[in-house]
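Scroll down for the structure; my scribbles are underneath it.
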Amino acid sequence: MIETKKYILTDETKEHFVVDGTISKGGKIVTLHRIKAVSDIWNWNHTKILVHTGEKGGWVQSEENLSQTGSCWIYDNGIVCQKAKIEDCAIVSGNAVVEGFAEVYGRARVQDFAYVYGCPEIYENAVIKGCATVFDASEIRGCAEISGYAKVCEYAEISGDALVTKNAQIGGHRRINEGIYEGRPSRKIDDGKGGL
């Protein structure tokens, strides 16, 4: 059986800097290709066309980054590179970046200016948005939302209807499945000149 492609890599390219894991190694430049739909892409239950034939999407390093099956898509200027994978009905949009060995699948969304790297898993109906960062081997699932300038890292697991937002930082082996985590407000320091 011949697999039908839903998108192709266009000749439109740009360079993207990726961190190589350690400061001593620095990073490297990778070449990204804009994607273009070669068939209509329907939502999960085939009631609505999400992407029309000929419509351009975001950026990938290779076809390994975005599945040719399902309704997953990269919109706008979203970037997926290195060994990162987008599958099922997952969406990357805005100026979001997914790199490293990250996996985004199910109906998960990574949007706005969110940055996902390392080897986290983001799935089910999880949403990463705003300027949030998810990295290391963290796991975000359920209807969890990571937003604002929040950071989730190491082996943290965020699930259920948990909201991690503002400048919250969750790491270690923490498991959170409900509630709102906003982090601490930044302190204003008296500069000795009468202003705060």
* **Filter result (within 21 Å of Leu50 (Cα to Cα), assigned to a loop (DSSP other than H, G, I, E, B) and not charged (D, E, K, R)) within segment 93-116** => Ser93, Gly94, Asn95, Ala96, Tyr105, Gly106, Ala108, Gln111
* Look at Asp88 and say whether it is under 23 Å from Tyr181 (Cα atoms), of a type outside the set (A, V, I, L, M) and not assigned by TED's automatic domain parsing to the domain that holds Glu178. => no
* Structure fact -> If we keep only residues of segment 44-85 that are of a type in the set (Phe, Trp, Tyr) and at pLDDT 95 or above, then the residue farthest from Asn125 (Cα to Cα) is Trp59
* From the list Val19, Val80, Val38, pick out the single residue that is buried (at least 20 other Cβ atoms within 10 Å of the Cβ) and not assigned by TED's automatic domain parsing to the domain that holds Ser147. => Val80
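Per-residue answers, yes or no, for (1) more than 27 Å from Glu15 (Cβ to Cβ); (2) out of contact with any Phe, Trp or Tyr (no Cβ under 9 Å at 6 or more places or on another chain); (3) in the same structural domain as Lys48 (by TED's automatic domain parsing); (4) of a type in the set (A, V, I, L, M):
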| residue | (1), (2), (3), (4) |
| --- | --- |
| Arg109 | no, yes, yes, no |
| Glu157 | yes, yes, no, no |
| Ile170 | yes, no, no, yes |
| His173 | yes, no, no, no |
| Ile176 | yes, yes, no, yes |
* **Filtered residue count, segment 43-61, keeping only those that are within 21 Å of the chain's Cα centre (by Cα) and not in a loop (DSSP other than H, G, I, E, B)** => 7
* Asked: Which residues, counting only those in segment 74-105, are touching a Phe, Trp or Tyr at 6+ places or on another chain (Cβ under 6 Å) and among the basic types (Lys, Arg)?
  -> Lys83
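If only one of Ala90, Ala114, Ala102 is within 24 Å of Arg184 (Cβ to Cβ) and either crowded, with 19+ Cβ neighbours inside 10 Å or among the polar types (S, T, N, Q) (or both), which one is it? I'd like the intermediate steps shown before the answer.
Numbers: Ala90 fails: within 24 Å of Arg184 (Cβ to Cβ); Ala102 fails: within 24 Å of Arg184 (Cβ to Cβ).
After applying the criteria, what remains is Ala114.
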* Single condition Ile122 does not satisfy, out of (1) surrounded by fewer than 20 Cβ atoms within 10 Å (Cβ to Cβ); (2) within 20 Å of Asn177 (Cβ to Cβ) -> (1)
* Asked: Out of (1) at positive phi; (2) at pLDDT below 95, what's the single condition that is false for Asp88?
  -> (2)
* Going through segment 106-128 one residue at a time, which ones are in contact with a Gly (Cβ under 9 Å, 6 or more places away or on another chain), more than 25 Å from Thr69 (Cβ to Cβ) and not acidic (Asp, Glu)? -> Phe113, Gly118
* **Exclusive hit being over 23 Å from Gly148 (Cβ atoms) and within 16 Å of the chain's Cα centre (by Cα), set Glu124, Glu64, Glu99** => Glu64
* Structure fact -> Residues of segment 77-92 being over 24 Å from His46 (Cβ atoms) and of a type in the set (D, E, K, R), in sequence order, are Lys83
* How many of the residues in segment 142-159 are under 13 Å from the mean Cα position of the chain (by Cα) and in a loop (DSSP other than H, G, I, E, B)? -> 1
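The values are calculated or read from the model by the stated rules, or taken from the named source; none is laboratory data. Keep in mind that what you see is a predicted model, and the values were worked out from it rather than measured. Cβ coordinates were reconstructed from backbone atoms using ideal geometry, including for glycine residues, and neighbour counts include every protein chain displayed.
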